[in-house]
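Some notes on the structure that comes next.
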Amino acid sequence: MIDELYDSLYRELTGWCTAMTGNKTVAEDLVQEAFLRALINGGLLEGMDAGKRRAWMYRTVKNLYIDRKRREAFETMAEQLPEEGAWDAEYAQVDDEQLLSVLTPEERILFTLRYLEGYNSAELGKLFGLPPGTVRSRLSGARHRLRQALKDDGRQGKRR
């Protein structure tokens with residue numbers, strides 16, 4: 001069944017994925033990964049007709065591409081965040097960045113991805129290999145720390 005699926009869809013999926021990614025090598029990698037998933041889920045695919053198998057393959061390739069783009073965005077964001085204690089003068093002038101500095105590097109990344117980039121806790125859990133509940137708990141702790149920092153800053157401002 002997988003050989004038949006491969007013969008009938010490989011070129012079609014690779015062409016579609018190349019158009020989507022703009023890169024033939026990336027497209028081939030994604031299509032190969034989709035076929036690997038098809039092998040793993042052979043029992044599921046056996047119970048489907050040809051049209052549903054085709055749709056499953058397209059959806060799998062699309063989801064793999066989305067996962068890749070999210071991972072790339074996460075890696076880019078992690079690279080762009082300054083090392084803890086390595087703030088340069090440009091960042092020191094920005095209140096938001098100063099406020100985020102009270103968080104640990106992991107909390108800062110989670111907080112930024114959740115509240116500035118729009119990822120949900122399930123997506124963040126997949127990115128970090130954590131249960132969604134753990135992500136929500138860590139975000140709750142980060143929000144608590146930020147609220148406390150804002151309160152402390154407000155008290156310091158009144159004393160000045």
Identify the residue in the range 21-61 that is among the basic types (Lys, Arg) and without any contact (Cβ under 8 Å) to a residue 40 or more places away in the chain and, among all such residues, is nearest to residue 6 (Cα to Cα).
37
State yes or no: is residue 113 touching a helix residue (DSSP H, G or I) at 6+ places or on another chain (Cβ under 8 Å), at pLDDT 80 or above and either assigned by TED's automatic domain parsing to the domain that holds residue 135 or among the β-branched types (Val, Ile, Thr) (or both)?
yes
Members of the range 1-48 found to be at pLDDT 90 or above and either aromatic (Phe, Trp, Tyr) or outside the structural domain of residue 62 (by TED's automatic domain parsing) (or both), listed by number
10, 16, 35
Name, by its number, the condition in (1) modelled with pLDDT under 70; (2) polar (S, T, N, Q); (3) touching a Phe, Trp or Tyr at 6+ places or on another chain (Cβ under 9 Å) that does not hold for residue 156.
(3)
Which of the residues that make up the range 125-148 are closer than 18 Å to residue 72 by Cα and not in a loop (DSSP other than H, G, I, E, B)?
125, 126, 127, 128
Just checking, does the range 108-124 include any residue being more than 21 Å from residue 68 (Cβ to Cβ), assigned to a loop (DSSP other than H, G, I, E, B) and out of contact with any Ser or Thr (no Cβ under 6 Å at 6 or more places or on another chain)?
no
List the residue pairs whose Cβ atoms are under 8 Å apart, where the first residue sits in the range 118-147 and is buried (at least 16 other Cβ atoms within 10 Å of the Cβ) and among the hydrophobic types (A, V, I, L, M, F, W, C), the second is at pLDDT below 90 and outside any helix (DSSP H, G or I), and the two are 6 or more positions apart or on different chains.
124/130; 127/119; 142/103; 146/102; 146/103
Given (1) closer than 20 Å to residue 66 by Cα; (2) touching a Phe, Trp or Tyr at 6+ places or on another chain (Cβ under 9 Å), where does residue 23 come up short, assuming only one miss?
(2)
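The values are calculated or read from the model by the stated rules, or taken from the named source; none is laboratory data. The model shown is predicted, which means the values in this text are computed figures rather than measured ones. Reconstructed Cβ throughout: ideal geometry from the backbone, glycine too, with neighbour counts over all protein chains shown.
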